[in-house]
Amino acid sequence: MEASGMDRLRITGGQKLQGTVTVSGAKNAALPQIAAAFLSPHPLELTNLPQVSDVDNMLQVAALYGAEVERGAHATTIDAGSIRSCEVSYDTVRRMRATVLFLAPLLARFGSARVSLPGGCAIGARPVDMHIRALEALGASIDIENGLIVASASAGLKGARVVLASPSVGATETAMMAATMASGETEILNAAREPEVADLAACLAAMGAHIEGAGTHRILIAGGTEWKPAKHHGIPDRIEAGTYAVAAAITGGTLELTNARIENLAAVIQLLEAMGTNVWPSSRGLVVSRNGPLQTADITTEPYPGFPTDLQAQFMALACIAEGTSLIRETIFENRFMHVPELIRLGAEIRLQGTTAVIHGGKPLKGAQVMATDLRASVSLVLAALAAEGETVINRVYHLDRGYEQLDRKLAQCGAHIERLRD
């Protein structure tokens with residue numbers, strides 16, 4: 001994927017989107033699967049990896065640990081047969097938080113690991129405490145030294161009951177990966193139920209692991225896995241699908257989202273329909289269409305299967321053009337309203353009260369210069385710009401390129417007036 005530097009997007013609003021968007025592979029499923037390759041001395045071939053910078057960076061870190069990475073147009077092979085448990089510099093990992101996912105595979109395979117505390121994301125503290133507690137439950141001893149997580153399990157990891165304080169996706173994935181190489185059986189309670197967790201389990205199973213219950217609150221893993229060469233096709237990105245669904249709704253258009261999985265989007269579809277948008281399955285995915293007025297909404301972000309925090313900013317943009325007052329409560333990340341000042345620059349009327357945003361919708365949005373602050377905030381500005389009168393320029397779109405594959409091209413193919421201004 002081309003580096004975006006300080007590229008900007010110029011969007012002229014007012015076009016109804018019509019056409020077909022192909023939903024790419026899920027970034028949040030791909031990242032733990034790249035880390036999972038480190039558990040096995042055999043190659044893992046991953047298909048449906050999205051061409052986004054977060055995935056590129058994760059593969060780059062894998063290569064720095066000594067993995068052989070072959071990235072093709074349709075498949076990526078990671079051969080971790082000759083990796084070593086060394087330390088990768090903070091400068092490499094500071095761009096993203098997901099590199100903490102290498103901790104469990106390195107520890108499980110080598111008995112020790114040194115991983116930089118993650119840098120990266122502006123939307124909240126996202127502490128690694130739950131990852132550490134999960135590994136300690138399996139018998140690891142862990143210290144934080146000079147910005148490094150230093151983990152050891154000289155006698156090997158032991159199967160145990162791991163009770164998570166909250167259903168954290170990352171901590172669930174860490175516990176699952178570590179447990180595949182622990183001796184005996186591990187039970188993970190209060191596990192995250194996200195489709196990405198179930199997809200990691202499917203990937204680990206293809207590699208030789210024995211896992212039951214992924215996608216529920218209780219996951220059982222038999223340790224001592226005998227690894228084998230494997231292939232795995234990743235799930236489509238439900239957050240990308242939800243984003244394009246909002247693009248259809250906010251412009252009063254009709255989009256078919258091919259590869260989208262309706263079963264992973266129940267809370268999102270329910271909300272779209274409550275707000276006046278029609279959603280129905282097609283043979284290739286689903287169709288989203290709106291031709292009537294938008295209704296207001298009362299939204300609370302929740303762990304899966306509730307409404308996802310990763311779509312909160314997009315639905316706030318949609319609420320800005322619905323007549324009346326909408327409420328959005330953010331319960332997952334504490335700083336996830338950074339898009340609010342930028343939406344206000346486009347003419348939105350939004351008031352923040354702690355973790356709740358009060359949106360007085362129905363006023364026309366008008367184009368302006370705005371600044372992307374994080375991945376989902378930046379795409380909410382794109383959506384608002386599609387509905388705004390006149391021209392909007394969105395700065396710092398490298399945030400977008402972290403998680404959306406060719407967003408500008410996909411939107412342009414459906415009639416959006418959007419162009420990337422190379423810096």
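The values are calculated or read from the model by the stated rules, or taken from the named source; none is laboratory data. All values derive from a computational prediction rather than experimental measurement. Note that we place each Cβ from the backbone using ideal geometry, even for glycine, and neighbour counts take in every protein chain shown.
The table below lists the values:
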{"item": "Among the candidates 257, 311, residue that is farther than 26 Å from residue 390 by Cα, in contact (Cβ under 8 Å) with a residue 40 or more places away in the chain and of a type in the set (A, V, I, L, M)", "result": "257"}
{"item": "Count - residues of segment 196-227 that are part of a strand (DSSP E or B) and either farther than 21 Å from residue 303 by Cβ or of a type in the set (A, V, I, L, M) (or both)", "result": "7"}
{"item": "Scan of segment 255-293 for residues that are among the polar types (S, T, N, Q) and either more than 20 Å from the chain's Cα centre (by Cα) or closer than 21 Å to residue 321 by Cβ (or both), ordered by number", "result": "270, 277, 278, 282, 283, 289, 291"}
{"item": "Residues of segment 1-28 classified as within 29 Å of residue 99 (Cβ to Cβ), modelled with pLDDT of 95 or more and outside any strand (DSSP E or B), total", "result": "5"}
{"item": "Selected residue [closer than 21 Å to residue 86 by Cα and surrounded by fewer than 17 Cβ atoms within 10 Å (Cβ to Cβ)] from 166, 154, 183", "result": "154"}
{"item": "Residue under evaluation residue 338, criteria (1) closer than 28 Å to residue 215 by Cα; (2) modelled with pLDDT under 95, criterion not met", "result": "(1)"}
{"item": "From the options 260, 317, residue that is under 19 Å from residue 380 (Cα atoms), modelled with pLDDT of 95 or more and surrounded by 16 or more Cβ atoms within 10 Å (Cβ to Cβ)", "result": "317"}
{"item": "Residue in segment 160-174 that is assigned to a helix (DSSP H, G or I) and touching a strand residue (DSSP E or B) at 6+ places or on another chain (Cβ under 7 Å) present", "result": "yes"}
{"item": "Enumeration of residues in segment 48-97 that are in a loop (DSSP other than H, G, I, E, B), closer than 24 Å to residue 231 by Cβ and acidic (Asp, Glu)", "result": "none"}
{"item": "Selection count where residues are out of contact with any Cys (no Cβ under 9 Å at 6 or more places or on another chain), closer than 24 Å to residue 394 by Cβ, of a type outside the set (A, V, I, L, M) and not in a helix (DSSP H, G or I), scope segment 296-332", "result": "3"}
